[in-house]
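Heads up: the structure comes next, in structure tokens.
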Amino acid sequence: MPKDAIDTNPLVLRNTFAMGRHPYHPQPTDEDSSSASETDTLLAGVGYTVRSSDLLNVADRLEKLDSTIIAAAAAGVPPEFLCSSAVHYNPSDLASWIDSLLTEVPPQSSPSMWMDAVCLPPPSSFSIDAHRLGEEEDAGIRLVHLLMTCADSIQHDDHVLARSLIDEMRLLLPLIGVGYGIGKVSIFFLDALDRRISFLPQPTKSVLEDEILYSHFYEACPNIKFAHFTANQAILEAFNGCDRVHVIDLSLMHGLQWPALIQALALRPGGPPALRLTGIGPQTPKVGLRLAELARSVGVPFSFHAVAAGRLDSVRVKPGEAVAINSVLQLHLLLSETGPIDSVLTLIRELRPKILTVVEQEADHNKPAFLDRFTEALFYYSTLFDSLAASGGGGGRVDVGCSAPAEVYLQREICNIVCCEGSERVERHEPMGRWRVRLGRAGFEPMHLGSNAFRQASMLLKLFSSEGYGVEEVEGCLSLSWHGRLLITASAWRARADSAVAPPACHRYIVW
Amino acid sequence: MAGGNEVNVNESRMVVPLNTFVLISNFKIAYNMLRRPDGSFDRHLAEFLDRKVQANASPVNGVVSFDHILDRQTNLLARIYCPAPDPADVELPQLVAIYELQKAPSPNPFPVIIFFHGGSFAHSTSSSAIYDTLCRRLVTLCGGAVVISIDYRRSPEYRFPCAYDDGWTALKWASCQPWLRSGKDAKLRVFLAGDSSGGNIAHHVAVRAVHSGINISGNILLNPLFGGNKRTESELKLDGKYFVALQDRDWYWRAFLPEGADRDHPACNPFGPNGVELEGLPFPKTLLVVASLDLTQDWQLAYAEGLKKAGHEVQLLYREQATIGFYFLPNTEHYHEVMKEIKSFVRSDL
């Protein structure tokens, strides 16, 4: 291969196993829709949902919109919907998108998330040292084959074969650069497989360690920041016009999400509401005090209430306050066979929230078959590690300090997915499509995050992160993407009006 | 803009199927919102409104796709489409995706199509649903082609020659991939294809290729984007009538061409006063598709003339009563006949 060949290193493998989502599924044949309630299949194949019976109507309204634009141009006055602050929702649903433009509601002076330009140090350009492409690439591909074959043998309970494959893989490792890319992530998966068949107990965790790793991960890449500022934007919009608001955070930790919301509420046109914050779960000492101090300094009436992990049932809401319930990477922890996801969702509904924000990893690590889970995780975490590396950490680069703990943070997730079963396996990530069904069954309906939130997220990403990250809108949810691959999805929900809320049973102690 | 606008809107509705009208009108209106009079572009809203799909390494209708970074320095992304491998050839179904990168899809000669999506240099990406669907169809249509859709840098953020540079990078990348070579002579049978601005890019990458000794099997240009300072008859006659207005075309050229350049810049007008001589060079044969209701058709026909005068082979498909974008939905004779011609063009000397 010529010396100046464009890079084709084994990292590309992580792109080859895209996570099988094809929301706008091209139809196999160009059939006409037979029933009026069916959507036009050809338009669906290019991303638009329009009922066949609606086509004529939609075409008429498009013509009307077009005439409006032409007439306005002639008069020298652009119509409202052409102005940049107009907010758009769910562009796939053409009929409703067009209607929203035609009804020409004047754009709300939407409050926007205001963040300090807290920038990471400028990311150093990530370059892969020239390496012997052929040999290393082959070794990398071979390693992935072996990993999957090993996972397959474990699924068939052939631990003898699994053990010999692990030994073989350890011999391959020196041939691959393990400081980056597929090599690095393969080591973690190899170790996890080894651990699984050696029946080693999981390393003990301390809450302090968790908190430290979490805060390193928070700094090292934009994933959690994305979760926070997207959820905050939705909460801010939901709280529009409310004087007394109550945010319930299902996992407070360091409370990193809340200073920005407090500041945005302080700057709200019309003045800030009174804010109550209930933080559930492990939290750093004095987090409540620090947030209260911040709120006081910007003039937001504030009170804080800490609740022990798993005690969502002990949270009380006051009449007349608007409630937002915030779940960042929490709900998937409740999905084991005996897990309390249904009762937790019921509890959440009973609190009658104005908005429920749910952010989850965009991956399917809860498939029943071990090999499937393993494969999905291998490619998902390859992508994540790749993105971490480009964010200024990673590789064998010891000069950038904060990547290693961030990788350990992820390594723990990998271990949990690969080594654990039953109630111990808590990292049961599911893609937003499945959450949509689950939340729908639990009586929630989606609140679409619109173009305003999209714009905010895009701009903030540019501030915080290196090239390669993007925001994608899919069915009203916003996802963080890395080179087009979705990593994490933010969504907002409210209780459906028609859904009955069962009377609360006697106190349930939710374990999580 | 031409007068009698209400009549104009109805005319475009009468010449295309209803769902095509809905699709292209939607683009027209959405794109209108994105172009600002000062030449800037609402990129955030554009990305929000663009309907995109993920790559999918699981076969869908016999095609798999994956995203790949061709060049780390510019973060040039491409989506690669391959025919799905025979499951019998693969030990574990999950290994399907990995095999695709290692193995050529077939022992027999197969075409490689480097595809540049349209969007007047400003809109769309390789993950846009309209283009993902089109590229998937091309894989099957051409009997198992590998299609590489390039996510080139777009204007106004990146002007000439960035898109051409990205196209060139993609071609060089392809020429270094052993798995893309096929046949007894282990040859890269590469075609450059594109619609609208993508067609323009395909032309300019081909020019660079012939100057650098890379052999291109053929160019496929669907309603390629060319222009010039002069206002042609078709531009004046069709202005505003079939989804496209002249002032919008002007906006896109101003956004793409270097500041201060006019439309006789060779990027826009390759056979104009500033054009480059192509006579005597091994320029590939071209399949040129022109829609009779496209207001830029005079420039496309002039392009065909320019190629012929320079001694190069052009197969012109002039589609009466076709509008722009007819190739997005398989619901007209235009679509089916053009696809047939593309198929025979690509397979003719395999």
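Under a model in which nothing but the beta-carbon of Lys, Arg (+1) and Asp, Glu (-1) is charged, region B:298-350 shows a dipole of about 140 debye around its Cα centre. Once the Kirkwood radius over Cα pairs is known for region A:333-455, the Stokes-Einstein relation at 20 °C and 1.002 mPa s delivers a diffusion coefficient of 128 µm²/s. A DSSP coil position with no more than 12 other Cβ atoms inside 10 Å describes none of the trypsin sites (Lys or Arg not before Pro) in region B:261-337.
Using the Stokes-Einstein relation with a Kirkwood hydrodynamic radius computed over Cα pairs, the translational diffusion coefficient of chain B at 20 °C and a viscosity of 1.002 mPa s comes to 104 µm²/s.
Quick one: grab the alpha carbon gyration tensor of region B:182-284, order the square roots of its eigenvalues as a ≥ b ≥ c, and give me rounded if a/c is under 1.5, else prolate or oblate depending on whether a/b is larger than b/c. Cα axes put region B:182-284 in the prolate bin. For chain B, the longest principal axis of the C-alpha atoms and the axis of helix B:297-309 are separated by about 60°.
When Lys and Arg each count +1 and Asp and Glu each count -1, what net charge do the other residues less than 15 Å away from B:Leu288, Cβ to Cβ, add up to? Within the 15 Å Cβ shell, the charges total -3. Per the Debye formula on identical point scatterers at the alpha carbon atoms of region A:227-290, with no solvent, log10 I(q)/I(0) at q = 0.21, 0.27 Å⁻¹ is -0.86, -1.30.
First measure r as the distance between the Cβ atoms of B:Gln73 and A:Glu38, then evaluate 1/(1 + (r/R0)^6) with R0 = 51 Å and state the FRET efficiency to the nearest 0.05. E between B:Gln73 and A:Glu38, to the nearest 0.05, is 0.60.
Across chain B, Cα pairs under 8 Å and at least six residues apart give a relative contact order of 17 percent.
Contact order for region B:287-350, expressed relative to its length and based on alpha carbon pairs under 8 Å spaced 6+ residues apart, stands at 37 percent.
In order along region A:345-352, the Karplus-derived 3J(HN,Hα) couplings, from 6.51 cos²θ - 1.76 cosθ + 1.60 at θ = phi - 60°, round to 5, 5, 4, 4, 5, 5, 6, 6 Hz, and Gly and Pro are given as x. With no solvent and one point on each alpha carbon, what is the Debye value of log10 I(q)/I(0) for region A:313-387 at q = 0.14, 0.19 Å⁻¹? The computed values of log10 I(q)/I(0) come out as -0.62, -0.89.
Bridge orientation summary for chain B: considering DSSP beta bridges with both residues in this region, about 40 percent are antiparallel. Greater than 29 Å separation of Cα atoms is the criterion. Which listed pairs, A:Lys462/B:Lys241; A:Lys225/A:Lys286; A:Lys462/B:Lys230; A:Lys367/B:Lys343; A:Lys225/B:Lys28, meet it? Where the Cα-Cα span goes over 29 Å, the pairs concerned are A:Lys462/B:Lys241; A:Lys462/B:Lys230; A:Lys367/B:Lys343; A:Lys225/B:Lys28. For region A:144-268, treating each Cα as an identical point scatterer without solvent, what Debye log10 I(q)/I(0) comes out at q = 0.13, 0.21 1/Å? Scattering profile of region A:144-268, log10 relative to I(0): -0.75, -1.15. Per-residue extension of 0.36 nm, minus the Cα-Cα distance of B:Lys309 and B:Ser348, leaves a gain of 11.7 nm for this segment.
Estimated from the Cβ-Cβ distance and a Förster radius of 60 angstrom, the FRET efficiency linking A:Arg316 and B:Arg43 is about 0.85.
Put simply, the Cα atoms of region B:220-350 extend 44, 39, 23 Å along their principal axes, the longest span coming first.
Mean sequence separation of contacting Cα pairs (under 8 Å, at least six apart), scaled by the length of region A:314-433, corresponds to a relative contact order of 34 percent.
Dividing the alpha-carbon radius of gyration of region A:224-350 by the rule-of-thumb value 2.2 N^0.38 Å gives 1.04. In this structure, B:Asp185 and A:Ser297 have a Cβ-Cβ separation that, at R0 = 56 Å, corresponds to a calculated FRET efficiency of about 0.15.
In plain terms, the bigger the Kirkwood radius, the slower the diffusion; for region A:411-495, with that radius from Cα pairs, at 25 °C and 0.890 mPa s, Stokes-Einstein puts D at 167 µm²/s. Ordering B:Ser58, B:Gly228, B:Ser197 by Cα displacement along the dipole of chain B toward the positive end leaves B:Ser58 in first place; charges were set at the Cβ atoms of Lys, Arg (+1) and Asp, Glu (-1). Treat each spin label as a single point 7 Å out from the Cα along the C-beta direction, and report the B:Arg208 to B:Asn229 distance in nm. It works out to 2.7 nm between the two label points.
Using a 1.4 Å probe over protein heavy atoms, the accessible area lost on pairing B with A, summed over both chains, comes to approximately 6500 Å².
Is region B:129-170 rounded, prolate or oblate when judged by the Cα gyration tensor, a ≥ b ≥ c being the square roots of its eigenvalues, rounded requiring a/c under 1.5 and prolate requiring a/b larger than b/c? Oblate. Per-residue shielding of B:57-66, expressed as the average number of other chain Cβ atoms within 10 Å of the residue Cβ, stands at 4.
The values are calculated or read from the model by the stated rules, or taken from the named source; none is laboratory data. All of these numbers come straight from a predicted model, not from anything done at the bench. A quick note on method: Cβ atoms are made from the backbone with ideal geometry, for glycine too, and the neighbour counts reach across all protein chains shown. For accessibility, only protein heavy atoms count, side chains too; no ligands or nucleic acids. Shrake-Rupley method; radii C 1.70, N 1.55, O 1.52, S 1.80 Å.
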